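Asks: Would you mind keeping the following structure in view while I ask a few things?
The values are calculated or read from the model by the stated rules, or taken from the named source; none is laboratory data. What you see is a predicted model, and the numbers here were worked out from it, not measured in a lab. Positions of Cβ are backbone-derived with ideal geometry, glycine not excepted, and every protein chain shown enters the neighbour counts.
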Amino acid sequence: MTAATLSAELLRAEGDAVDEAARRLRAGALVAFPTETVYGLGADAANAGAVARLYAAKGRPSFNPLIAHVAQLEHARILGRFNDIAERLARSFWPGPLTLVLPKAETCSVAELATAGLDSIAIRVPAHPVARALLAEFGGPVVAPSANRSGHVSPTTAAHVRADLGDQIDMILDAGPAQVGLESTIVACLGDASILLRAGGVPRDAIEAAAGASLGSSGGREGVNPLAPGQLASHYAPGKPLRLDANSVKRGEALLAFGPALPPGAENAALVLNLSPHGDLTEAAARLFSHLRALDASVAAAIAAMPVPEQGLGEAINDRLRRAAAPRT
Ligand code: TXA
Ligand code: MG
C-alpha cells in the first residue's frame with residue numbers, strides 16, 4: 001500500500017459492503033465508517049503496522065492515544081478492568097456515545113502504539129447499526145479516531161471524510177449524516193473518582209445520574225491535559241478565526257447563529273448558518289461540525305459565533321467552539 005497513490009473507495013453501507021470492509025480491516029487496511037457521533041477512521045487495533053499507517057494518514061502526533069471500539073460489553077471486558085461505576089455507566093449508555101478510560105486488562109490485545117504506551121485504555125461500544133455490524137463481523141477491537149486530518153473539525157458525513165482523507169485511506173462506508181454530531185463523552189474510571197475528560201454526546205447530568213456520583217473535571221480546557229493527551233486547546237480549529245459570544249456581526253464575518261433572534265449586522269453577513277432556529281441543543285450538536293466546515297469554506301474572512309447555553313449538550317458544543325477559537329498550537 002503506497003499511501004500517496006491511494007484513492008478511497010466510497011461505498012454505500014449496504015449489501016456486501018460491510019463484509020468487504022471487515023475483510024479489508026483484517027488485511028491491515030484503513031476503513032472509514034459511520035458511528036452515531038462522527039465518522040471514524042478504523043484500523044485493526046491489534047495490528048501495529050495498520051495503527052502506524054492510521055497515525056500517518058491523520059497526521060496525528062503519535063502520543064495521542066486512540067479509542068478501541070468493540071461490538072459489545074463482553075468484548076470490552078477483554079480489554080479493560082471495570083470498577084462499579086464503569087459497570088453502571090456501560091450498562092446505562094452502551095451501545096452509545098460514551099467512552100470509558102479503564103485500567104488495561106492483562107488480556108488486552110490492542111497494540112501499544114494505539115494506547116501510546118499508557119497503562120489505561122479508552123473503550124467504546126458505538127450504537128450506529130453499520131458500526132455494530134462492522135465490529136461484529138470483524139470480531140475484534142477496531143481503533144478509530146475521528147476521520148479528519150489532525151486539527152480539523154470532526155467529519156459528520158462521508159463527503160467530509162473524503163475531503164480530508166480521500167487520498168490517504170482505502171475505503172469509506174457511507175450511511176448518511178451522523179445523528180449526534182459530537183464525539184463521545186469520555187469518562188475515566190481509574191480510581192475512586194470518575195473524571196470527565198471530554199464533554200460529548202452524553203450530557204454530564206445524565207452520566208452523574210447513572211453513576212450516582214458527581215464527576216470530577218479534568219480542568220484541561222486550556223492547553224494540554226495530562227490525562228487526555230489528545231485534548232489540545234486548538235484541536236477543532238477551522239482555518240478562519242472564530243469569535244465567540246458574538247452579539248453583533250462585523251464587516252466581513254460569517255455568522256454561526258443559534259436561536260430565532262439574529263444579532264445586529266446579520267443582514268450584511270457573508271453567510272448565516274443557524275445551528276437551530278428554535279434553540280434545540282440536540283439539533284445544534286448534529287449540525288455543529290458541518291456548519292463550521294461550510295462557514296470555513298465561505299468567502300468570509302472570519303466567523304462570529306452566537307452564544308449557546310451551557311446546559312445539557314451545550315457543554316460539549318461550547319467546548320468545541322472554544323477550541324475552534326483558541327490560538328493555533
Ligand atoms: O465519538 C468518538 O469518540 C469518535 C468516534 C469515531 O468513535 N472518536 C474520537 O476519537 O473522537 P479521537 O481519537 O478523535 O479522540 C479520542 C480522545 C483523544 O482526545 C485521546 O487523547 C483520548 O480520547 N484518549 C484515548 N485514550 C486515552 C487514555 N488512555 N487516557 C486518556 N485519554 C485517552
Ligand atoms: Mg478527533
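Asks: Specify which of the listed residues (A284, A304) is within 18 Å of G201 (Cβ to Cβ), outside any loop (DSSP other than H, G, I, E, B) and either touching a residue at least 24 places away in the same chain (Cβ under 8 Å) or more than 21 Å from the chain's Cα centre (by Cα) (or both).
Replies: A284
Asks: Look at Q168 and say whether it is assigned to a loop (DSSP other than H, G, I, E, B) and surrounded by fewer than 19 Cβ atoms within 10 Å (Cβ to Cβ).
Replies: Answer is no for this residue.
Asks: Just one of the numbered conditions (1) touching a strand residue (DSSP E or B) at 6+ places or on another chain (Cβ under 7 Å); (2) modelled with pLDDT under 95; (3) not hydroxyl-bearing (S, T, Y) is not true of A116; which one?
Replies: In the conditions (1) touching a strand residue (DSSP E or B) at 6+ places or on another chain (Cβ under 7 Å); (2) modelled with pLDDT under 95; (3) not hydroxyl-bearing (S, T, Y), A116 misses (1) alone.
Asks: Restricted to segment 102-124, and to residues that are crowded, with 24+ Cβ neighbours inside 10 Å and β-branched (V, I, T), which residue is nearest to the chain's Cα centre (by Cα)?
Replies: Only one residue fits best here, namely I123.
Asks: Let me spell it out: the conditions are (1) away from ligand 1 (no atom under 16 Å from the Cβ); (2) at pLDDT 95 or above; (3) assigned to a loop (DSSP other than H, G, I, E, B), and S214 meets all of them except one. Which number is the exception?
Replies: (2)
Asks: Could you look through segment 132-152, keep only residues that are among the aliphatic types (A, V, I, L, M) and within 16 Å of ligand 2 (Cβ to nearest atom), and pick out the one that is surrounded by the fewest Cβ atoms within 10 Å (Cβ to Cβ)?
Replies: Checked segment 132-152; the qualifying residue surrounded by the fewest Cβ atoms within 10 Å (Cβ to Cβ) is V143.
Asks: Now a separate question. Take P155 and tell me if it is near ligand 1 (Cβ under 10 Å from one of its atoms) and either touching a residue at least 12 places away in the same chain (Cβ under 8 Å) or surrounded by fewer than 22 Cβ atoms within 10 Å (Cβ to Cβ) (or both).
Replies: Criteria met by P155.
Asks: Let me ask something additional. Inside segment 43-78, can you point out the residues that are within 24 Å of A206 (Cβ to Cβ) and in contact with a Cys (Cβ under 9 Å, 6 or more places away or on another chain)?
Replies: Answer for segment 43-78, where residues must be within 24 Å of A206 (Cβ to Cβ) and in contact with a Cys (Cβ under 9 Å, 6 or more places away or on another chain): just A68.
Asks: Another question, then. Between G279, G230, G265, G259, which is modelled with pLDDT under 95 and more than 16 Å from V299 (Cβ to Cβ)?
Replies: It is G230.
Asks: Specify which of the listed residues (G181, G151, G191) is among the small types (G, A, S) and over 18 Å from L295 (Cβ atoms).
Replies: When all the criteria are applied, what remains is G191.
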